[in-house]
């Protein structure tokens, strides 16, 4: 998971987070997780489709004199490909957009309220969730920011991050997104969103592996 953001990039990003908080009066949480869910159905879907495809191909090249061999072969292939479907590179092929969007949004909301706004007194918090398996980015904001930062504004931030991640420049994407977010906040509030010192949460990137924290708050 940490290969997405190396040590040098992490220092640059955490410095950018500190600068963002100082200029905007807004707490910023950055969470990087390996996945938002186990997606057992994705492994099963991959196993089923791969089994059907492989047996169809084999049927053109192999001829069995005993009919019972085909169901045995199908069963063995299904077990093998379902097992392979648990590996991220294959599991990703079995994911559905509806499933991914739902799980990532639910995980983002869960983390936001367990790691974000409930711990901050001034209710000016934003959170960026990056999920490696799904290659998804979710941005949530707290009460005061919701009043003046629209969903379109948040979508613009995600677009900046996505573009740079595709170009293998995650640190640049996050820094540019924070810079754009800072501009939107300062414009919307004609200055800082809060006069409170945004230091109730630590500024380090939080790396998650399922529900176990590598770096706690």
State the dimensionless ratio Rg/Rh of the chain (Rg: radius of gyration of Cα atoms; Rh: Kirkwood radius). 1.14
In degrees, nearest 10, the alpha-carbon axis of helix 97-115 is tilted away from the dominant principal axis of the alpha carbons of the chain by 40
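Fewest to most neighbouring Cβ within 10 Å: what's the order for 11, 34?
Numbers: 11 12, 34 15.
By the 10 Å Cβ count, ascending: 11, 34.
Please rank 33, 82, 125, 114, fewest neighbouring Cβ atoms within 10 Å first, as an exposure proxy.
Details: 33 23, 82 20, 125 26, 114 11.
So the ranking, lowest neighbour count to highest, is 114, 82, 33, 125.
Throughout, read-outs are computed from the coordinates displayed, never taken from laboratory work. What you are looking at is a predicted structure, and each value in this text was computed from that prediction instead of being measured. Glycine also receives a Cβ, built like all others from the backbone with ideal geometry; neighbour counts cover every protein chain displayed.
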